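Read through the structure below, which is laid out as structure tokens, and then see the notes.
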């Protein structure tokens, strides 16, 4: 009970401490968007015969005719009321857009992180067990390749091989087969929705659409995870308690998986948290290449059109996710290493 | 009462689900052959084409979902179908008459025509729609002004199924304006049910819902992602389209679009990269229709209010210094129609755009520059928008090199599109390339739109009193011979003054499966699904 209460206090404290940071990010984004050259009213009044009158009218509608501090106040008032504004690019409220698109991005990012972790942990452990061996070099080579190749190159390459040449993969656009019917809309996570409705054919189809983009992203983040696993495993394996465990004759797998890995996993968790947050925003190229209807490509389109509301909404979302992810990582620390929770 | 986790999730989903997702009906398993899949680089962002910021893809969709009173016919040019703005046919109007003085257009609605919800189309619906296009805050207002349609008083219900449009002056393009993408005819009863006090024209609702009666109904729509259309089996306002179902999907990556078309998973795309098109054509798995965009033009503009470009001699010098053929090849791989190298001193016809009489002549360029008092040249910047980089970048490099030879130092400036548009609108660009398209390619309309008035589309910020006077006169001219003379004079002035240099009309390259037939180049530069069939 005491542990729970202390955890609760920590969560609350963390959230409170995050508020100034999020506010700062909000103000900064707001100002940067307005400093950027490019007037959204001009861009969107771009009909064949739209004149200055239309531009002014649109500017007034968007509130851009008011001084920036006033605009900022209106903006905070709207956010407090849960209104993130309306996107001119899609014509919808930003909140609706994000609600429709966030599950797609999250599903992709979670899958990619899962694939990356499943691949990176064993690779890192193997490399750490035999440093300098052929296995170690192979892992190093794989990681370097993954990092060196920009994600859109990996993506296009995978599409070319598995869709265009071999034909194993379904056409690389979107989350489900375009000719199939509408998917169930329960959580927005297609794999979960199909599982909930028991539509396993649909589940397989969605999974096969997801595979290529997820692998593309996983390859890119393989390196930090695998290298970090290797480095921290090396450090831990050299520790005295490992030598003692070996001397006591404990089985090798038990030493590595239970005693060494549990101690080595802390930095990996930190990196995984950072990787996750970065992936969510940085997967814009993957989303573009695979026509994935996610939040990152949404924000990029809006940015190119100087469409303020979606960009601000996106940054707010990212800041929030960053705070939440860091919090979760902190709590996981406590599970992995009780000493970290004691403070 | 306890709520299980699953019920909670369902509840949340029900709250979050958009009305469109709920309204979509489970699609019948229709055969692939009867389904058309179009893939686009841009995306449809609204179902109401008159919304500010509506994309070109949205215009294309609305042509299929909404009917207009009238439509343009099409004609064969070099083996391809192209729209013909000189021949207008009825669409929702079965027939129409223009009075001899050109001041009254009477439109007779097609008997038995219905909206998508099955209710009959009435003259009151048409009147409400026309009122909306001149009264609501939308893109339609300024477009309709170009046809002298400005006030609801001009539209009158003249009996059951008859609508009269009256004009103060016999505007040449009044009728044509009723055929543009903005001129949608709306089921007014349905729209009014969804209007609010703040929004009497139901503009918010119509962004994600339709109230039309066109050849296709919207089955599902996700802004920025995809739209699925189902054929309207009750449609009476034209030939029943071949495809029962149409999917228009946004695929931002050009290479992926090329792959999809070649594999036959998608049927048509009109915005592939020039390099990919050449490869696809050589591999022979697809069909390519290359049609010059006859109502568009790519240009190099000078800011005629900013020194040194306020001096016509400087503009003429630059015009004589540019390597047009090299630019055409480098920029477009020669895929288009040239608007340079004309061999005339007086225009042969009143048609426009036509090849203008410019060619490279460095000696003349140097002489003109000396006459302008700038024998030693000057420095300037040449700008273009990032989205046009693939064609504008090679062009800019050649401009820089050629002008360097007559002593003009050019710095190349690549700008994000929103920034370029802003600078353009504020008239702060000195020297740049861009392109324009006129939906209604009448010669006077080009001049009115692109060479008169203090507004964004006057690319060169050109003020020429004679052009303004001629464009205004031609607009209401009833005598064809006088109209031709006015147009020819405007073309001559343009050729002499060179506020901007016409370069070329790029091809529209529609890449499609071999079995797709009937593609038509439309003035709004999108695919009209009603034209297409699968052989």
Tell me the residue from A:129, A:114 that is at pLDDT 90 or above, surrounded by fewer than 18 Cβ atoms within 10 Å (Cβ to Cβ) and more than 30 Å from residue B:202 (Cβ to Cβ), please. A:114
Looking only at the stretch B:149-160, count every residue that is within 14 Å of chain A (Cβ to nearest Cβ) and surrounded by 20 or more Cβ atoms within 10 Å (Cβ to Cβ) and tell me the total. 1
I need a count of the residues in the stretch A:1-42 that are surrounded by fewer than 12 Cβ atoms within 10 Å (Cβ to Cβ) and in a helix (DSSP H, G or I). 15
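For the stretch B:300-308, indicate whether the set of residues that are assigned to a helix (DSSP H, G or I) and either crowded, with 20+ Cβ neighbours inside 10 Å or out of contact with any helix residue (DSSP H, G or I) (no Cβ under 6 Å at 6 or more places or on another chain) (or both) is non-empty. Please lay out each step first, then the result.
So in the stretch B:300-308, the residues assigned to a helix (DSSP H, G or I) come out as none.
Within the stretch B:300-308, none of the residues are assigned to a helix (DSSP H, G or I) and either crowded, with 20+ Cβ neighbours inside 10 Å or out of contact with any helix residue (DSSP H, G or I) (no Cβ under 6 Å at 6 or more places or on another chain) (or both).
Can residue A:180 be described as free of Cβ contacts under 8 Å to residues at least 40 places away in the same chain, assigned to a helix (DSSP H, G or I), touching a helix residue (DSSP H, G or I) at 6+ places or on another chain (Cβ under 9 Å) and more than 8 Å from every other protein chain (Cβ to nearest Cβ)?
Details: free of Cβ contacts under 8 Å to residues at least 40 places away in the same chain: yes; assigned to a helix (DSSP H, G or I): no; touching a helix residue (DSSP H, G or I) at 6+ places or on another chain (Cβ under 9 Å): yes; more than 8 Å from every other protein chain (Cβ to nearest Cβ): yes.
Spelling it out, it is not the case that residue A:180 is free of Cβ contacts under 8 Å to residues at least 40 places away in the same chain, assigned to a helix (DSSP H, G or I), touching a helix residue (DSSP H, G or I) at 6+ places or on another chain (Cβ under 9 Å) and more than 8 Å from every other protein chain (Cβ to nearest Cβ).
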Considering the stretch A:189-228, residues that are within 12 Å of chain B (Cβ to nearest Cβ) and surrounded by fewer than 21 Cβ atoms within 10 Å (Cβ to Cβ), and then whichever is nearest to residue A:101 (Cα to Cα), we arrive at A:189
Taking the stretch B:411-431 and the residues there that are farther than 16 Å from residue B:380 by Cα and touching a strand residue (DSSP E or B) at 6+ places or on another chain (Cβ under 6 Å), the one that is surrounded by the most Cβ atoms within 10 Å (Cβ to Cβ) would be B:420
For the condition at pLDDT 85 or above, within 14 Å of chain B (Cβ to nearest Cβ) and either buried (at least 18 other Cβ atoms within 10 Å of the Cβ) or in a helix (DSSP H, G or I) (or both), what is the one hit in A:235, A:319, A:231, A:296? A:296
Of those in the stretch B:442-471 that are at pLDDT below 90 and surrounded by fewer than 20 Cβ atoms within 10 Å (Cβ to Cβ), the residue nearest to residue B:181 (Cα to Cα) is B:455
Picking from B:365, B:392, which residue would you name as being modelled with pLDDT under 95, touching a strand residue (DSSP E or B) at 6+ places or on another chain (Cβ under 6 Å) and assigned to a helix (DSSP H, G or I)? B:392
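Out of B:211, B:266, B:215, report the one residue that is surrounded by 19 or more Cβ atoms within 10 Å (Cβ to Cβ), touching a helix residue (DSSP H, G or I) at 6+ places or on another chain (Cβ under 6 Å), within 14 Å of another protein chain (Cβ to nearest Cβ) and modelled with pLDDT of 90 or more.
B:266
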Looking at (1) assigned to a loop (DSSP other than H, G, I, E, B); (2) under 14 Å from residue B:219 (Cβ atoms); (3) modelled with pLDDT of 50 or more, which is the one condition that is false for residue B:26? (3)
For residue A:104, the lone unmet condition from (1) modelled with pLDDT of 85 or more; (2) part of a helix (DSSP H, G or I); (3) surrounded by fewer than 17 Cβ atoms within 10 Å (Cβ to Cβ); (4) within 14 Å of chain B (Cβ to nearest Cβ) is (3)
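Checking the condition over 24 Å from residue B:534 (Cα atoms) and crowded, with 23+ Cβ neighbours inside 10 Å, which residue from B:36, B:69 passes?
Values: B:36 fails: over 24 Å from residue B:534 (Cα atoms).
Selected residue: B:69, the only one of B:36, B:69 that is over 24 Å from residue B:534 (Cα atoms) and crowded, with 23+ Cβ neighbours inside 10 Å.
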Does residue B:387 count as more than 30 Å from residue B:169 (Cβ to Cβ), within 12 Å of another protein chain (Cβ to nearest Cβ) and surrounded by fewer than 16 Cβ atoms within 10 Å (Cβ to Cβ)? yes
Cβ contacts < 8 Å: first residue modelled with pLDDT under 90, restricted to the stretch B:324-343; second residue assigned to a strand (DSSP E or B), any location; separation 6+ or different chain. Result? B:332/B:504; B:332/B:506; B:332/B:507; B:335/B:290; B:335/B:506; B:335/B:507; B:335/B:509
Out of B:295, B:237, B:311, report the one residue that is modelled with pLDDT under 95 and within 14 Å of chain A (Cβ to nearest Cβ). B:295
Enumerate the pairs (first residue in the stretch B:453-466 and within 14 Å of chain A (Cβ to nearest Cβ) and without any contact (Cβ under 8 Å) to a residue 40 or more places away in the chain; second residue anywhere and surrounded by fewer than 20 Cβ atoms within 10 Å (Cβ to Cβ) and not in a loop (DSSP other than H, G, I, E, B)) with beta-carbon separation below 8 Å, excluding pairs fewer than 6 apart on the same chain, so at least 6 apart or on different chains. B:453/B:468; B:454/A:52; B:455/A:52; B:456/A:52; B:457/B:436
For the stretch B:508-519, give me each residue that is within 30 Å of residue B:329 (Cβ to Cβ) and either at pLDDT 95 or above or more than 14 Å from the chain's Cα centre (by Cα) (or both). B:509, B:510, B:511, B:512, B:513, B:514, B:516, B:519
Suppose we filter A:187, A:154 for residues that are farther than 21 Å from residue B:39 by Cβ and part of a loop (DSSP other than H, G, I, E, B); which single one remains? A:187
Check on residue A:132, in a loop (DSSP other than H, G, I, E, B) and closer than 30 Å to residue A:63 by Cβ: no
Provide a single number: the residues in the stretch B:432-441 that are crowded, with 23+ Cβ neighbours inside 10 Å and out of contact with any helix residue (DSSP H, G or I) (no Cβ under 6 Å at 6 or more places or on another chain). 2
Among the numbered criteria (1) facing chain B (nearest Cβ under 10 Å); (2) part of a helix (DSSP H, G or I), which single criterion is violated by residue A:78? (1)
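The values are calculated or read from the model by the stated rules, or taken from the named source; none is laboratory data. Since the structure is predicted, the reported quantities are computational estimates derived from the model, not experimental observations. When we count neighbours, we look across all protein chains shown, and the Cβ atoms used for this are built from the backbone with ideal geometry, even at glycine.
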